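Before any comments, here is the structure.
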Amino acid sequence: MSESDGKKNGIGTALKLGIFLGLIGAVSAALLSGVDAMTRKPIKQAELRKISKALTQVLPPFDNVPADDKKVVKAPDGRKVTFYIAKKDGKIVGVAGAGYSPKGFAGKIYVMVGFNPTGAVREVIVTKQGETPGLGTVVTDRVREKTIFDLFGKKKEEKGLPPNRVLDSFNGLVAAKGTPWKVKKDGGQIDFVTGATISSRAVTDAVYCVASALEANKTAILGL
């Protein structure tokens, strides 16, 4: 075999290999696209269910679909906040805002804040966090404590969300322009958990972000 023949064979082999790899890439891309299309809808449905559950926890009874009646605005510091309008018999009975703080001990902390039609905080829940179990989670979680009724299989019926002294500190508050809320350790009025001050501050920051966004966009959101 001559040198030229060897080169031709080498080029042919490289070309075949390139075509083969290209086909594999095309098939892989098609498969990934198909899997993405198949999983996108279930993921979206799961997110909607999670949002709907959170809305029922922080808002009074409503007869519309708040997830279909939402507005995205910016807080004064530039963070985006999504608001969901709750109505009953065509009248606004409350509004809920979803926002976050990047200042958590383990990253972002996401909250859903329910407001009365006047703009005062009604309820607060944390929807996503990665805080330290037993420390930061004392700030973020609402857990119903077991009672003697649970020991005998007779659960006492309790209405409303389980209490959380930090999250409940926001109830009734209205954001004032340029005056961020602070935990008591920093001279503010929001309760905090010793040993989880960072988590307490982050939750406070997240809730104030949502509340300040509502106050700054009250006309667009509530028509006030």
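Tell me, in nm to one decimal, what length is gained between K74 and R165 on full extension, where the rule is 0.36 nm per residue of separation less the Cα-Cα distance?
Full-extension gain reported as 29.9 nm.
Which three extents, in whole angstrom, do the alpha-carbon atoms of the stretch 73-224 cover along their principal axes, largest first?
That gives 52, 40, 24 Å along the principal axes, largest extent first.
At what distance in nm do the modelled label points of A30 and A46 sit from each other, each positioned 7 Å from its Cα along Cα→Cβ?
That separation, rounded to one decimal, is 2.8 nm.
Here is the link list: K91/K177; K50/K108; K103/K128; K80/K108; K50/K71; K70/K108. Which ones come out longer than 20 Å on Cα distance?
Cα-Cα > 20 Å for K91/K177; K70/K108; rest within.
Hey, any idea what the orientation-averaged projected area of the convex hull of the stretch 178-224's Cα atoms comes to, in nm²?
3.5
Every number in this text was worked out from the coordinates using simple rules, so none of it is lab data. None of these values were measured; they are calculated from a predicted model. Here Cβ is always computed from backbone atoms with ideal geometry, including for glycine, and neighbour counts include all displayed protein chains.
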